[in-house]
Every structure is written in C-alpha cells, then in structure tokens.
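Enquirer: Got a structure here, written out as structure tokens. Questions coming.
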C-alpha cells in the first residue's frame, strides 16, 4: 500500500511546476504567498521528515526530505522573483533513460516507458508499445478520454473474474494483465491505463484481411478459423462470454500459427445466476452482432459462435451481412459456418468444441494435415 | 440543484430548534402514520422528475451539476431500506451526516460532493417502494431525509426492490462529474434483505412514470449504472438475516468485493466515508480508519467492513505521466455505441 511518504516522493520527482507540490499560490502579496508556502511546507514535512516515518522508510525519507528542502528553497526564490508559475526541470533524470519522443508513466511502485505515438487505435483506447523497468515488452492501453475509463475498468474486472485456475493451457494464449492505473491529467481528470505483456510478430485478423482484400485462400482461412473457434472455447472454459469476437480481437502468429486472444473489455460472466447483457457494440463491427444482443437477451456461448462465424465469412471474402460465400469455398466448409450464423440461436451448434471437431474432420478430408505458412509482407 | 454549502453549524441548530419545538426529526413519517399525509412527499417523488434535454437523455432524471461555487462536483447517492428492522438507518444517517461530509471533503479530497438520499421498499407490496431526493451541496439533503416516509412495521419479507435504485442510477441520473470529467460518482444501497431480480414494466410505469417494452434484470441495470457510478451494497449484519448465506451469496455474485458487510449498522456513515476515502486515495483500511479518527471497537467494525475492499481491484493505483502519450489525442475513427 502506498504511504504518504511515497506519494509525496512521487510528487516531488515528477513535479512540472512548483504548484504540483505546494499547490497554487497566486495572490499579489509576496509576504502572504511566502507564508502560504511555508505553511504547506510545514504540513508536508510532518509526513516525510526522517524522524516521523517508520524504520523501513528511513532511507527513502532521507533522500526525499533532502530533495524537498531543495525544492522549497527554489520555490521561495521563485515566489520572490515572480517565477512560481514557470516550469521546473524534472528531477528524475536518474534511472531510466527515456528517449526524447517517449513518454513515462509512473506509479509509486512501477514505471513504464512508452512510445508517445500510438501503435494501434482501439475502439475506446489507444494502444502504445513500451517497456517495464526490467525491459519487459508491454502494450499499454490508454483510454481515449475519461468517459472511456469504464471499459478498461471492466476489462480488469473480467481478468480478475475469469476462472483461470488449472487452465494453464488456454491462459497462455491471453496477454497477461500486469498493471492498471489512474493517471492524473490535472483538472481533477483521470485517465485509466491498462498494461499487458506484449508478444512480437502476432497479427490481427483485420490486418491479415487488409493484405488479402479479396479474401484468404480457404486453406489459410481454415487454420485461422480453428484459432477463432479456440477463442470461443477458451471463453467458455473461463466462465465468460467474450462478447466481442471480432477480427480485431483474434491475433495469430503467421509462422507458428499460435493464437493470441485479446479484447476482453466487453466480456460478461456466464456463471449460473448472472444475467448480464452486452451494453455496447463496436460501431465498425456492428454486423457481427446477432439479433439477440440488440434484443437485450442474455448473451451465451452461442453469441460468441455467431460472431466467430461472421469472422470466417470476412476472412474468406464473403458477404458478412447476407452470409454468402465465394464460390471457391468448399460446400462442407460453408455448411459448418452457416450453422454458426443462424439468426435463431437455438439452431446454432451447442458448443464451439463440437464445431471445431467437425471442422477439423472436414479440412483434413479436403486437404490432409498440411502446414501452410501465412505470407505477410512487411 | 447543487448550490449552497454544507454547514455543520446550521445543521446542528436546525435540529436543536426542531427538538425544542417538539417536532420529530422525521415528522413527515409521523404525519403519514397519523393520516395527515398519504403520498410520497413531492420532493421525493420519482414521477415528478423531469427530462432537461430529451435529445440527450431518454428519461426524466435528477442532475448533479457543477456550479461556480462547486466547480468539481462529485455525486454521492445513498439509498436505504425503510422497511422492517432497517427503519433506524435514516435516523443514524441524519445524526452523522455532518461527519460524513467532513471526511469526504477533508480526508478523501473531494472538494464538492453532492449528496442525494433515497429510500427503497418492496415494490410488490409496499405503498412507498421508491423515494428519491435531489443532489444537494448543502443542508437541503438533511431536509429531504426528514421527508422520507419510514414504512417501519412489516419486515421479514427477505426481498426488497433495490433494483429500483439501480434503475434510477442507470437511467435517471446525469452528472457533470461523469459527462465532463469521466469521474464516477458513489452510489450506495443499504439493507438487510435480498434484491428482487428485476424491475418490471409495470413498476417502471408506476414508480418512474415511463413506458418500457420489457422488464430489466438487476444485472443489466447494474452493468449500465456502473458505467457512471461506483456502486456498493452495504449489508446490515445486525438486520433480519445475519446468517442467511443465500442472501449473502446473491449479493456477492452481483457485487464481488463491493458487497460490504457491516456488523453495526449505526456505523454506516463511517463506512461510507471510509469507502470513498479508500477509493479516492487507494489507502489501506488501517490508514482510512485512522484518518477518519476512529478508535477502539468502532474502528474495528469499520475496518473489518473495509478490509475486503482494500487490496482489491476496485482500488486503482494512482500514477503520473510525463510526455505526450496521454494527451496527443488524434481524431478518432472508431467508437462504441450503446445497445
């Protein structure tokens, strides 16, 4: 848990203006301003003076207090010279060296250096690549604005609620949530930030389809769709409905064919006795959502299957709205996908696992067990 | 709504003058019981809510807005069960309101809280299943608390219509805190019973005066309401069902760590203040209890109530950023829509 000392230490090391530490001091009366500064100084000393903290915090307090006194002297000078509002130089030049174009996000216990420009645009967040202090690659989801914080909060909640015990074999395909923070923007506004482990070279199905604008060869789409079905099965095993099984949220590795399952911010629990609805739909994937969602019915595993079916139509270059496939797609394959996108959910298959088995049988009969690396021009 | 300022002194003197004139703190309840009044007081009637802008909001609502005097409003709504054994809660709230405000402002650091009080009963059998005040920045909410009809009597039904409060939170509130700053308000329900699983079309019409096509489940109402509210349910362990595991589990499934069990319901104000302080600053239970100035047995009860929340995912680490990653927002092409 964060102590007052840590909070103040943080304030001192990250302050951009004196006001960030000592508060706004604005009157025209210099003597009064100095008194106000002194008062705030005395107040804060109570929390950070080495004599006032626990044994464990003594070391930190010595350092923080010395910095604090230095900053106080500077602030005093600034008030006297009417330069209190002028930005101060950050004192945390030590530690990680952030390149000029990088940004730093720091809580009291952790620090991340992230690229200032977004790597990808999510539906309610921007995704930036970065590293932890130990150099571990991460991707950082930054809410697009404070009203979007709720989605990232929900995502954390879902990560915590998913029943991952003894399910190592499926959990390995989900990026690990390593941190979640509120970053203060000033003006009493806070932006939610979620940090996940990042694995290189995975590409989203959206990216893949952009490279194959007329649709993929059914043999490529086949193995990819098996991963998509795997995501519906994973969700089921974890006790949830993914709720946003769209091409952005399934990633695959073109060479190893391993999947990476993301986009758990729309997920709802499917445990017995929960009747949560999906409350939002992603605009650009509106055609992926089955009727029951708009009818405010409780989503089920079959909802995920429907969306997985739409994704297959999209991969193959079919008509996602009317469920029409290109002629090159084998009939047996079409039939299986068609069942998943039935409007009436009772006509859809009961389980993704069952679909996966049937589908695997079909493609082995069609083409045998051949490996096809996915060609992805850089 | 939302002008004025909370003044502990005014609160105390208003109360003293009622006492000296022999007026009960809950004189509206006295009037209803004696037949001098028969309806929910107008200021608390959900049917009297209005829609300030039908192009933005689908339903009539209560607003928590910023003002010159209160530029950083954060709404705090407290709904309690007014039936059976929970009837004393409003009296407790009334007595301890000043302290609640002090802690929220001085310790939690919310400079401009706006408090709304309300009451829930059982929509299937009570005469006054839902009463709701206004968001107030001053003593007026104490006044509205006094107008609430305490159903008293009855008790022991096991189910109450808490979902009406969540319907209110989901569909009938508009707050500047959320709309302007993405800041969630705090919403508390308190009681000792289980929730009815949904709000029916009939109840929506009777209570809120709106017409809807279908019933709404408590889960979906909570999902919507939680977008702009931090919602907690406070369960009174000293109520009618201290050991009913089925009731506890039902709440726990709905709320997780935000299901808070209070051993002594007279400490509800301290617990509410503690939760807000904890959520705002991500402090642990010890620090929070100390900051509120509690000691001895009281401190233990409040701390025990808060412990499940500390170290939970509800508490979000605070961070700062340097650089432009968080502020160089481009025009966004993507988005989400409400279903």
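Enquirer: Under Stokes-Einstein, with the Kirkwood radius over Cα pairs standing in for Rh, what whole-number D in µm²/s applies to the range A:110-212 at 10 °C and 1.306 mPa s?
Expert: Roughly 106 µm²/s, to the nearest whole number.
Enquirer: For the range B:218-250 and the range A:221-262, compute the distance between their C-alpha centroids and round to whole Å.
Expert: Rounded to whole Å, the Cα centres lie 34 Å apart.
Enquirer: Bin all alpha-carbon pair distances of the protein assembly as shown at 20 Å intervals from 0 and give each bin's fraction as a whole percent.
Expert: In order of increasing distance, the bins hold 16, 45, 32, 8, 0 percent.
Enquirer: Return the Rg/Rh value of chain A, two decimal places, where both radii are evaluated on C-alpha atoms and Rh is the Kirkwood radius.
Expert: 1.11
Enquirer: How compact is the range A:159-299 by the rule of thumb for globular proteins, expressed as Cα Rg over 2.2 N^0.38 Å?
Expert: 1.15
Enquirer: Still on this model: Given the range A:322-378, report the % of alpha carbon pairs whose separation exceeds 17 Å.
Expert: Of the Cα pairs, 51 percent sit more than 17 Å apart.
Enquirer: Just how far, in whole angstrom, is the range A:149-220 from the range B:300-320 if you go by their alpha carbon centroids?
Expert: 26 Å
Enquirer: Okay, next question. Which residue, B:213, B:47, B:99, has the most motion in a Gaussian network model of chain B that connects Cα atoms within less than 10 Å?
Expert: The residue that fluctuates most here is B:213.
Enquirer: Calculate, for residue A:346 and residue B:106, the FRET efficiency according to 1/(1 + (r/R0)^6) with r their C-beta to C-beta distance and R0 51 Å; round to the nearest 0.05.
Expert: 0.30
Enquirer: Over all pairs of distinct alpha carbons, what does the Kirkwood formula give as the hydrodynamic radius of the range B:92-134, in Å?
Expert: Value: 12.3 Å, from the Cα pair sum.
Enquirer: How many Å³ per residue does the convex hull of the Cα positions in the range B:194-251 occupy?
Expert: Expressed per residue, the convex hull around the Cα atoms of the range B:194-251 is 111 Å³.
Enquirer: While we're here: Quick one: among A:301, A:324, A:249, which has the greatest mean-square fluctuation in a GNM of chain A with alpha-carbon springs under 10 angstrom?
Expert: A:324
Enquirer: Can you tell me what the convex hull of the Cα atoms of the range B:217-319 projects to on average, as an area in nm²?
Expert: Mean orientational projected area (the range B:217-319, Cα hull): 7.1 nm².
Enquirer: Let me ask something else about it. Given the options B:146, B:246, B:91, which has the most mean-square fluctuation in a GNM of chain B, springs set between C-alpha atoms less than 10 angstrom apart?
Expert: Taking springs between Cα atoms under 10 Å, the residue moving most is B:246.
Enquirer: Let me ask something else. Based on the Cβ-Cβ distance from residue B:249 to residue A:34, what FRET efficiency comes out when R0 is 56 Å, to the nearest 0.05?
Expert: 0.40
Enquirer: How many angstrom lie between the Cα centre of the range B:68-140 and the Cα centre of the range A:303-378?
Expert: 54 Å
Enquirer: OK, next. What distance in nm lies between label points placed 7 Å from Cα along the C-beta direction at residue A:56 and residue A:73?
Expert: So the label points at residue A:56 and residue A:73 sit 3.3 nm apart.
Enquirer: If I model the range B:163-290 as equal point scatterers sitting on the Cα atoms and use the Debye formula, what is log10 I(q)/I(0) at q = 0.15, 0.16 Å⁻¹?
Expert: Relative scattering, expressed as log10 I(q)/I(0), comes to -0.79, -0.89.
Enquirer: Moving to a separate point now. Once you have the Kirkwood Rh of the range A:225-332 from its Cα pairs, apply Stokes-Einstein at 37 °C and 0.692 mPa s and quote D in µm²/s.
Expert: Rounded, D is 228 µm²/s.
Enquirer: For helix A:30-48, report the angle its Cα long axis makes with the longest principal axis of the Cα atoms of chain A; keep it between 0 and 90° and round to the nearest 10°.
Expert: Value to nearest ten degrees: 60.
Enquirer: Moving on to the next point. Would you calculate a helix-derived [θ] at 222 nm for chain A, using -39,500 (n - 2.57) for each DSSP H run of n ≥ 4 and dividing by the full residue count, to the nearest 500?
Expert: Value at 222 nm, helices only, nearest 500: -12000 deg cm²/dmol.
Each reported figure results from applying straightforward, stated rules to the coordinates on display, with no laboratory input. Everything numeric in this text was worked out from a predicted model, so none of it was measured. Don't worry about glycine lacking a Cβ; one is built from the backbone with ideal geometry, like all the others, and counts go over all protein chains shown.
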